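Structure first, commentary second.
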Amino acid sequence: FDSASHARVYAQFRPTYPSSISETIKSVLRRTRVHSDSSQWTGVDVACGSGQSTQVLQKVNLKKIYALDISEEQVKQAREAFSKSPENSSVEFLVSSAESMPQDSSSVDLVACGQALHWFDLEKFYPEVDRVLRPGGCFAAFGYGNLEMKDPLVENVIQKFYSDTLKDFWSTQEHHVEQLYHTLPMPYKTIERFDVVVDHEMSTSSLIGYLKSWSAYQTYCKKNPDNHALEDLQEKLTALATEEPFKLSFPFFLLVSTKPS
């Protein structure tokens, strides 16, 4: 994301990942690495964005994390946020594409990406993953699908915004997110999958902020700079809000693919 405002909205309103994602990654790595102590491992967070996925890797307790993103604005946001705590000293943020990582060959134990794999050129990315991973290392792809509102009337309003208003502005890769990455290949034959649905609550303003972070909405605004789509949507949500916060859920998923030893 090249826009500073989009980077800020993404950082503020996107959901946080459940701790089970980190715990599962650590569990798989302990089975495949020579050293079972996670403090000896090095990881790369590809397309780190503003740092949500980096926090997942931090909970794995890695010795060192290289957090990469092609967007200078996202890296700037992440550096500012993480600089506020000395606990983040193990994280180094770098501007880099997914398909050309700065790490040495066979130098890391984990390559991971959160809510980003569908954007990559996999024919170029997976050879890079294989190059930087040590034998027995893991590639982890995690993310979440579309939110589901508990109130069917609210769900209908959100779905119309998603499918009608933004219909022509979603990228062709979006269907991979809708399918929870079931449609994407992994780099190695050994693949483990984990799914969990997490209940969540959002105020009207937070829900609008989340919708504002959608890439399709950002594209829509570039084509329609004077639109009032979210203002109109907020009026509909306010009319339907018999109680706040809104109850909803996100389907989170994790795929771990292990490099042969």
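Would you point out which residue out of Glu128, Glu73 is surrounded by 15 or more Cβ atoms within 10 Å (Cβ to Cβ), charged (D, E, K, R), on the phi < 0 side of the Ramachandran plot and touching a residue at least 60 places away in the same chain (Cβ under 8 Å)?
Testing whether each residue is surrounded by 15 or more Cβ atoms within 10 Å (Cβ to Cβ), charged (D, E, K, R), on the phi < 0 side of the Ramachandran plot and touching a residue at least 60 places away in the same chain (Cβ under 8 Å) leaves just Glu73.
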Take the residues in region 188-201 that are at pLDDT 95 or above, more than 19 Å from the chain's Cα centre (by Cα) and open to solvent by less than 90 Å² (accessible area, probe 1.4 Å), then tell me which one is nearest to Gln12 (Cα to Cα).
-> Ile191
Of the numbered conditions (1) in a helix (DSSP H, G or I); (2) within 16 Å of the chain's Cα centre (by Cα), Ala98 fails exactly one; give the number of that condition.
-> (1)
Where a residue in region 228-240 is β-branched (Val, Ile, Thr) and its partner, wherever it lies, is surrounded by 15 or more Cβ atoms within 10 Å (Cβ to Cβ), with Cβ under 8 Å and at least six apart | Thr238/Thr204
Those residues of region 131-140 that are open to solvent by less than 10 Å² (accessible area, probe 1.4 Å) and farther than 22 Å from His176 by Cβ come to a total of 4
Residues that are touching a strand residue (DSSP E or B) at 6+ places or on another chain (Cβ under 8 Å) and part of a helix (DSSP H, G or I), drawn from region 68-94 | Glu72, Val75, Ala78, Arg79, Phe82
Test result for Gly114, open to solvent by less than 60 Å² (accessible area, probe 1.4 Å), within 29 Å of Thr183 (Cβ to Cβ) and at pLDDT below 95 = no
Neighbours by Cβ (under 6 Å, 6+ apart or cross-chain): first from region 140-168, among the hydroxyl-bearing types (Ser, Thr, Tyr); second modelled with pLDDT of 95 or more and outside any helix (DSSP H, G or I) = Tyr144/Phe250; Tyr144/Phe252
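Select, from Ile65, Ile25, the only residue that is β-branched (Val, Ile, Thr) and either touching a residue at least 40 places away in the same chain (Cβ under 8 Å) or assigned to a helix (DSSP H, G or I) (or both). Outline the logic, then answer.
Values: Ile65 fails: either touching a residue at least 40 places away in the same chain (Cβ under 8 Å) or assigned to a helix (DSSP H, G or I) (or both).
Every option except Ile25 fails the conditions.
Answer with yes or no whether Tyr220 is aromatic (Phe, Trp, Tyr), part of a helix (DSSP H, G or I) and surrounded by 14 or more Cβ atoms within 10 Å (Cβ to Cβ). Don't jump to the end; show me each part of the working.
Numbers: aromatic (Phe, Trp, Tyr): yes; part of a helix (DSSP H, G or I): yes; surrounded by 14 or more Cβ atoms within 10 Å (Cβ to Cβ): yes.
So Tyr220 passes the test.
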In this structure, does Val132 turn out to be more than 14 Å from Gly51 (Cβ to Cβ), at pLDDT 95 or above and in contact with a Gly (Cβ under 8 Å, 6 or more places away or on another chain)?
-> no
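The values are calculated or read from the model by the stated rules, or taken from the named source; none is laboratory data. Small disclaimer: the values here were computed from a predicted structure and weren't measured. Neighbour counts run over all protein chains shown; Cβ positions are idealised from the backbone, glycine included. SASA here: full protein model, heavy atoms, side chains in, ligands and nucleic acids out. Shrake-Rupley method; radii C 1.70, N 1.55, O 1.52, S 1.80 Å.
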